[in-house]
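Undergrad: This is the structure I want to talk about, given as structure tokens.
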Amino acid sequence: MSKQRTSIRDINGRERMNLALSLRKAGATLDSIALQCGYGSRSSAHKAIRRAMAELPRENAEELRELEVMRLDELLLSYWQRAKKDINAAHLVLKIAEQRAKLLGLFATPESIETPYIIVQEIPYHYFGDQKSVQNGHIPEEVSHGAVD
């Protein structure tokens, strides 16, 4: 008996999740989705949409991503000219651009950035000038200031 309830609860939960995703795809706000699907908050609705997207076949998720990018592009275009004169519109343009970049995965993570470096294994004694000065820990002034012959 309890197994059937759990099963029915799981089915109802999945249907709510799918409805939330459909409403979002149609352009509904998170507040509206939370209200229509019976979620306690917009945050819960957002989490349900993210779970539903994670379970979608890859092609469907790409389709939804493309749709969101198109919507953001339309918003961006509608505020672009106004942003040149209105600071509030400029802030909105920046927020739209940031959301678009997140959606498209354009932000670089520290792990993805390669830092070039050079490993110096040996420096010839004559590079720093007088061999005796270098051995005594003295680096000629012209070398310490970057002026090397």
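The values are calculated or read from the model by the stated rules, or taken from the named source; none is laboratory data. Source: prediction; values computed, not measured. Virtual Cβ from ideal backbone geometry, glycine too; neighbours counted across all protein chains shown.
Undergrad: So, of the residues in region 11-25 that are within 12 Å of S44 (Cα to Cα) and under 24 Å from the mean Cα position of the chain (by Cα), which turns out to be surrounded by the fewest Cβ atoms within 10 Å (Cβ to Cβ)?
TA: Among those that are within 12 Å of S44 (Cα to Cα) and under 24 Å from the mean Cα position of the chain (by Cα), it is M17.
Undergrad: If a residue counts only when it is touching a Pro at 6+ places or on another chain (Cβ under 8 Å), which helices (runs of 4 or more DSSP H) contained entirely in region 1-75 have at least 1 such residues?
TA: Those helices (runs of 4 or more DSSP H) do not exist here; none qualify.
Undergrad: When both residues are 6+ apart or on different chains and their Cβ atoms are under 7 Å apart, which pairs have a first residue that lies in region 97-116 and is farther than 17 Å from L77 by Cβ, and a second that is in a helix (DSSP H, G or I) and at pLDDT 70 or above?
TA: Cβ pairs passing all conditions: F107/A101.
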